[in-house]
Amino acid sequence: MRMSRQSRSKVIEWRLMLVAAVALLIFISSACPAAAIGVTPGRTTIDFEPGADKSVSFTITNNDHKQFNAYIYVEGDLKDYITFDKQIIPFNESDNSKVFTYRVKLPQRIDPPGDHWGKIIVMELPAGWEAPEGETRIIATVAVIHQLRVKVPYPGKFMQIDLTIQEAVPNESVKFFVKLYNLGKEDLAKAQATIEVFGPTNEVIATVDTEPVAVKSMERGELIAAWKAQVNPGMYHAVVTVRYDGEVGKTDKNFYVGNMLIDLLDVTVKDFKLGGIAKFDILAESRWNQPIPGVYAHLIVNDNKGDKVADFKSASVDMSPFERSHLYAYWDTEGVNEGEYLTKMTLNYADRSSEKEIRTKIGLSSITTEISGVSVGAVTSEEAVLQQYPVVLLVAVLIAINFAWFMYFRKRKK
Amino acid sequence: MSRRIDARVIMVNLAVVAIAASWYMNLSSLQVLFPLNNMVTEDRAPLFEWSGAAGSYELLIDDDQDFSSPMAFNVSGNRYRPSQELDFGTYWFKLKSEGAETRPMKFTVVSSVALSRQEMGIIRNSGNTALLVHMGGLTGAVTLAVNRTLEIGENEDVKAEQK
């Protein structure tokens with residue numbers, strides 16, 4: 001039976017549609033997030049003990065709630081000491097996470113001293129894919145690693161230094177916490193740290209010393225120092241030098257004084273006519289000692305019922321340290337009525353944002369603005385945890401007073 | 001005479017009870033809401049919340065249970081989120097205000113190593129720590145900060161670990 005020209009073209013049309021649909025499906029499936037796998041914690045650290053036998057657990061997370069198989073294997077110089085029961089952990093869409101436990105059985109001795117690693121690799125494979133080894137793989141795999149770190153002590157004295165800095169605002173104290181881990185087999189009689197603070201032009205602007213401390217083998221000590229930050233807001237650099245029993249160790253870190261802040265100074269609109277384009281001139285000032293790139297303002301205008309009337313952004317600018325800059329944002333007011341509006345303005349910069357509310361009064365030929373504060377939310381309650389000693393103290397006072405009265409009356413009666 | 005003394009005794013007792021009651025009320029109002037005791041979190045700058053009527057509080061956070069070297073934050077209001085991220089580890093915290101003090105509570109900040117393959121050839125660090133990313137065709141590794149993306153080959157195998 002021969003097909004007519006019309007029915008042949010219809011078949012071709014259908015085939016083309018089918019091909020297009022398949023192509024679309026392939027495109028959609030490739031554009032959607034294909035994989036998201038995680039482990040927590042990412043690292044477990046243990047101190048070496050000869051012949052230690054421990055169970056260690058971590059959680060495998062299924063962040064995208066999809067069906068897959070987690071294929072698990074081990075690498076690293078500790079791989080011969082790590083064992084587990086299951087190499088494939090199946091996940092369904094409903095599984096948020098699963099706990100995985102492995103056993104580490106350490107030998108009597110590990111050389112050389114220092115950190116040794118076992119890496120438990122969790123590879124995401126499509127459901128049903130269960131034997132990747134020895135087969136030709138035609139898929140791209142994503143894997144995350146849980147690290148097992150075993151710290152083997154050093155002969156003699158060996159110090160690991162870790163610096164934590166509690167930042168502060170100008171004229172308050174920045175605190176330096178220098179944690180000392182004695183990874184050597186010998187005790188440390190005396191360790192003391194000197195902290196040098198460097199300014200933005202790399203000059204030393206302050207030096208502070210800590211009190212000395214003794215640290216036993218495989219134990220931890222802490223040195224603390226404070227520095228009153230009588231400086232401008234911005235980024236600074238601390239270099240810590242630790243002297244311990246004739247040895248020297250160093251570490252360093254950047255820290256901030258004050259918050260990276262761009263202050264909103266003024267918002268003005270000139271030459272305005274209702275129904276036309278309003279040019280918002282936003283004056284902002286950087287209170288930071290480093291350049292801040294990509295600063296822009298996002299304005300959302302709401303009417304007195306809270307309904308959104310407009311949503312617009314300014315172009316972005318790069319601000320130099322302590323610079324005042326103008327940001328310009330444009331709003332088409334066609335269809336907008338006279339009246340009072342509330343504008344939420346967010347200044348966005350360097351992964352941060354600051355928010356202000358602006359009362360905006362729109363007239364036929366003017367827009368006036370008034371910058372107000374920021375609101376704060378409320379919270380809910382749970383179980384109380386208190387120390388009762390002040391109440392106990394008052395009850396004790398009460399008993400004492402009454403006892404005193406009692407003794408007083410008794411004496412008077414006699 | 002004895003009646004007057006009896007009245008004085010009652011007045012003093014009532015006064016002390018009233019002071020104790022008001023002190024207790026003040027203490028009762030200071031309640032930690034978050035983090036919960038023994039909580040494990042992947043949030044490196046967790047939100048601290050509490051209830052209480054006082055205007056200002058001192059929040060102490062330490063990695064020693066005895067609070068020998070705490071980070072101290074003066075807070076006005078009933079919530080606080082540290083402006084800098086905490087290192088991974090176990091911490092204790094407590095609140096102080098007007099003679100009241102909560103008992104120490106413990107929380108642990110753990111690392112999360114998570115990787116998303118967003119679309120063909122793009123991966124994103126969706127955990128809370130910088131990652132070392134190993135790619136199939138390369139020796140060495142690339143550092144990928146939190147929330148950052150990296151373009152790799154479409155058929156590239158990729159492994160990520162805590163830096």
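Every read-out reported here was derived from the displayed coordinates using simple, explicitly stated rules and does not represent laboratory data. Since the model is a prediction, treat every value here as computed from it, not as a measurement. In this analysis, Cβ positions are derived from the backbone assuming ideal geometry, glycine residues included, and neighbour counts consider all displayed protein chains.
Across peptide B:81-94, the average count of Cβ atoms from other chains found within 10 Å of a residue's Cβ is 2.
For segment A:159-257, dividing the convex hull volume of the Cα atoms by the residue count gives 75 Å³ per residue. Note: relative contact order over segment B:2-109, using C-alpha pairs below 8 Å and six or more positions apart, is 29 percent.
Once the gyration tensor of the Cα atoms in chain B is diagonalised, the equivalent ellipsoid follows with semi-axes of 56, 13, 10 Å, ordered largest first. For segment A:353-370, the residues whose amide N sits under 17 Å from a probe point set 7 Å from the Cα of A:Phe312 along the beta carbon direction are A:358-370. Each Lys or Arg adds one and each Asp or Glu subtracts one; over the other residues with Cβ under 14 Å from the Cβ of A:Phe48, this totals 0. Every Cα-Cα pair of segment A:262-372 was included, and the share exceeding 20 Å stands at 36 percent.
Packing here is the average count of other Cβ atoms within 10 Å per residue, and on that basis the peptides A:195-202, A:103-110, highest first, run A:195-202, A:103-110.
Along the axis of the charge dipole computed for segment B:2-109 (Cβ charges of +1 for Lys and Arg, -1 for Asp and Glu, origin at the Cα centre), the listed residues B:Asn13, B:Thr108, B:Phe34 are led at the positive end by B:Asn13. The spacing between segment A:68-106 and segment A:309-343, judged by their C-alpha centroids, is 53 Å. Protection proxy ranking, highest mean first, for peptides A:68-75, B:121-128: B:121-128, A:68-75, where packing is the per-residue count of other beta-carbon atoms within 10 Å, averaged. Pull up the cross-link candidates among the aspartates and glutamates for A:Lys273, meaning alpha carbon to alpha carbon under 18 Å and not fewer than 8 places away within one chain. Once the sequence-local aspartates and glutamates are set aside, what remains near A:Lys273 is A:Asp281, A:Asp332, A:Glu334, A:Glu338, A:Glu340. Modelled spin labels at A:Met218 and B:Glu151, positioned 7 Å past Cα toward Cβ, are 5.1 nm from each other. Run the numbers for A:Lys228 and A:Ser365: contour at 0.36 nm per residue of separation, minus the present Cα-Cα distance, in nm. Extra length available between A:Lys228 and A:Ser365 comes to 44.1 nm.
Summing -39500 (n - 2.57) over the DSSP H runs of n ≥ 4 in chain B and dividing by its residue number, what mean residue ellipticity at 222 nm do you reach, to the nearest 500 deg cm²/dmol?
Estimated from H runs of four or more residues: -6000 deg cm²/dmol.
Partner shielding of A:113-122 amounts to 1, given as the average count of beta-carbon atoms from other chains within 10 Å of each residue beta-carbon. Per the Debye calculation on segment B:115-162 with a single equal scatterer at every Cα and no solvent contribution, log₁₀ I(q)/I(0) for q = 0.14, 0.21, 0.32 Å⁻¹ amounts to -0.27, -0.62, -1.34.
For segment A:87-221, the Kirkwood estimate of the hydrodynamic radius, built from every pair of different alpha carbons, is 20.3 Å. Plainly put, segment A:37-152 has a radius of gyration that is 1.01 times its Kirkwood radius, both from alpha-carbon atoms, as the Rg/Rh ratio.
Karplus-derived 3J(HN,Hα) values for segment A:145-158, using 6.51 cos²θ - 1.76 cosθ + 1.60 with θ = phi - 60°, are 10, 9, 9, 10, 10, 10, 8, 9, x, 8, x, x, 10, 8 Hz; glycine and proline are entered as x. Panel note: the C-alpha atoms of segment A:184-227, placed on their principal axes, show extents of 41, 17, 12 Å (largest first).
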